[in-house]
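Here the structure comes first, spelled out in structure tokens, and everything after it is commentary.
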Amino acid sequence: MSKAPNLVSLTPGKRVLFLTKDLDLIRRQLYEGLDLKMQDLKVSDLLDDINTDVMTPAWVCFDHDPGEIAKNAYAGLMHNGIRVFNQNALINGNFEIIVSGQRKGTGSSRETAAQCERWAGIKIVIAASFAPIHERNNINLGQLMGNHEMLERLQNGEGIPLSEFTSRYDPVTKLIIEKGGLFPFASKLKNEDIVLPPLDTPKRPMTMAEKIIARNLVGQKPNQCVKPNDPVISQVQGGYSHEFTTAQVHTFLSQEYGENYVLPNPDKFAVFEDHLLYASHNPKFVPHMDKVQTLRDLQIKFQKHTGVRDYSAVDGVSPGICHQVAREEFIEIGDFIQATDSHTCMGGASNALTYGVGATEYASLIYSGFTFVKVPESIRFELKGKLNKGCTAKDVILHILADHARKELTLNRSMEFGGEGLLSLSVDERATLCNMATECSARTGICEPDEALYDWMYNALNLDLDIMRQKSVYPDKGAHYDGGVHVIELSKIEPMVAHPGDPNKGIPSDPTNGINISKLGDVEINIAYGGSCTAGKEDDISYYAMVCAAAEKSGLNIKNGVDFYLQYGSRQVKELAIKMGWHDLFERVGVKLIDPGCGACIGAGPGVSITPDQVTVSAINRNFQGRSGPGKLYLASPLTVATSAFFGKITSFNPSLFK
């Protein structure tokens, strides 16, 4: 990573790539030498919501070498089923700047998305706004990010001071960018070549996220308060990685600190084998299984080298999806947890501050014992009333996605959930809300604690009630919410789906494409899938069981031509299903059951579509084009997924349907 220049300009002979909604224009830039100018375009002409699955689909991530990853940059951007970016297209195009519209880098926390641009020669990334984890990954790699007005100036031959690229950031982030990335910065900080100024934030009411960060501050005076955008160094209570990301963590640590590097607190961290156990079920992944095995082998090597906790598969069966098992086994109330996956925010249901980071940031924090945090702004959701029958927390978060997230009210903010309506939701349902905070492009989600949470935590982790109460956090009266306070009347929520859009016309497949099922019309399905970290929890399985029991009692069968898959979120969830008789029920009605793991949610297991004409209704969290196969995918609640399986079309649950 090289130090950023003090004056930034477009290198003579280098080009600018515009990611336009007109995909043919992208082709012409890549293969015909077409050069565009920002002054001739509008921001609305550019692609919005470019997600990390488009930039580096799962199979591209099977390479852990960034140079190899760059060869298949943007392999997931498709037009009429054909790749827009052929292999090496971004590298061979001689581009130095890449340009898009709103919310660049939504979706997964995979740092490979930022790496594919950097190692293809991109030095400046232009967008109207960035998803928070992707933005941080760019910062940690030393990439410069700017806006469209700055691009016009660069294309007109102007040199722009580095300070204009860093002016919107806090002092710590500025230093990281100026030094060329996180590792050079951390090295200088450790050698005391850099000294961070003390915080001067006065005593103030704080949100839940602010309170947890404040209690973990390093190098500050006792009881120091924080405010949004404060740059701080903070301790974390733990973290984890999985076989998709651990190889890079190990490689980066070995390159930066030598082959004999040692972690100071390995017992606080863990590795999981959960993402790629069933990858061979996807025909697209079969040619890459040697690379998948390399990722597994490198994770085993990392675990043995460092002594972190081991959640490897035993006899081909995983203990469960990392986020679910982390809730069940080691995330405690009031913890600060970081892990290499965007759905780490699911742990917020436990009244903890949890969110995903890239491989570089994770490698740095587990080696140093601390992390660099820009205190996030917050947005509060005050829940009132109770949900109607047929609705779940998935419908609540789909509503928030279609409304608040689409308006960017949640962007890079901590989504705080509270109010008397929260008490009506189980702890698992609260986990659904927090889990999909990342789809809202938020930093994280966090729920207020209550007696139900204490009971759940006691049963899961056998924690002392007094200690839980002591560690728990509530927002202070008068806490400030930059995103506002929004009342959600649960009784007004209707069953929803997020539709798959029309990527060929520049309308992305995105979780924000919400629509009430009552307004959807008839959508026939081929696949119904229940599972993932979002919808493979105990309560989710009970929802599937409720529908299956009603169908069995009324003599209904799964509709001909529909495959109904259920995948457990953890060993503990499966054991409960067996104990309650649900497992046998599922088998009797013809559900195809899958052992714990991520599976179809990342396109790596049974339940993925195989052809473009297949339609899936799924309880997972993302409907990005190609993520779970080439077909069209509608996001829905567990109740809707199970009901739809028996009727052959997207149908919301109503007990009267089964009489």
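Ranked by solvent-accessible area (1.4 Å probe, protein heavy atoms only, all chains present), the residues 179, 190 order from largest to smallest as 190, 179.
The share of accessible area on segment 611-659 that comes from carbon and sulfur is 52 percent, using a 1.4 angstrom probe. Calculated mean residue ellipticity, 222 nm, the chain: -9000 deg cm²/dmol, from DSSP H runs (n ≥ 4) at -39500 (n - 2.57) each, averaged per residue and rounded to 500.
Apolar share of the accessible surface for segment 40-143: 46 percent from carbon plus sulfur atoms, 1.4 Å probe.
Entry note, segment 418-571: relative contact order of 19 percent, from Cα contacts under 8 Å with a spacing of 6+ residues.
Net charge of the neighbourhood of residue 421, taken over other residues with C-beta under 15 Å away and scored Lys/Arg +1, Asp/Glu -1, is -3. Between the amide H of residue 95 and those of 15, distances stay under 5 Å, these residues lying 5 or more places away or on another chain, with hydrogens modeled in the peptide plane. Residues 632, 268, 389, sorted by accessible area with the largest first, give 389, 632, 268 [1.4 Å probe; ligands and nucleic acids excluded]. Calculated from the structure at hand, volume of the Cα convex hull per residue in Å³ is found among (i) 278; (ii) 143; (iii) 403 as (ii). Dividing the mean sequence gap of close Cα pairs (under 8 Å, 6+ apart) by how many residues segment 262-332 holds gives a relative contact order of 46 percent.
Between residue 309 and 269, 270, 271, the built amide H atoms are under 5 Å apart, and every one of these is 5 or more places off in sequence or on another chain.
Mean separation of Cα pairs under 8 Å and 6 or more residues apart, divided by the residue count, gives the chain a relative contact order of 13 percent. Using a probe radius of 1.4 angstrom, the carbon and sulfur fraction of the accessible surface of segment 417-473 is 48%. Per residue, the accessible area of the chain comes to 36 Å², computed with a 1.4 Å probe over protein heavy atoms only. Rolling a 1.4 Å probe over the protein heavy atoms leaves residue 91 with an accessible area of roughly 60 Å². Here the Karplus relation 6.51 cos²θ - 1.76 cosθ + 1.60, evaluated at θ = phi - 60°, turns the backbone of segment 454-469 into coupling constants of 4, 5, 4, 5, 5, 5, 7, 10, 6, 7, 6, 4, 5, 5, 4, 4 Hz, with x for every Gly and Pro.
The values are calculated or read from the model by the stated rules, or taken from the named source; none is laboratory data. The structure presented is a predicted model; accordingly, all values stated were derived computationally and were not measured. We place every Cβ from the backbone using ideal geometry, glycine too, and count neighbours over all the protein chains shown. Ligands, DNA and RNA are stripped out before the accessible areas are found, and what is left, the full protein with its side chains, is counted by its heavy atoms. Shrake-Rupley method; radii C 1.70, N 1.55, O 1.52, S 1.80 Å.
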